[in-house]
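Trainee: Take this structure first; my questions come after.
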Amino acid sequence: MVTDGTQVKILAWYDNEIGYVNRMMELVSKIGANLGTQAT
């Protein structure tokens, strides 16, 4: 976007869905391992 004819404004978006999904899978794996080791 050009403002006042002298400045340029750039908006950028980076979406890291794969990184988020990998992190969630690690969390689910750890929770599952903890649930499996608890005595009921």
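Trainee: Against the definition (at pLDDT below 90 and part of a helix (DSSP H, G or I)), how does Leu35 come out, yes or no?
Mentor: Yes; evaluated as a whole, the condition is true for this residue.
Trainee: So how many residues does region 12-28 have that are of a type in the set (Gly, Ala, Ser) and in a helix (DSSP H, G or I)?
Mentor: So the answer is 1.
The values are calculated or read from the model by the stated rules, or taken from the named source; none is laboratory data. Just so it is clear, the structure is predicted and the values come from calculations on it, not from any experiment.
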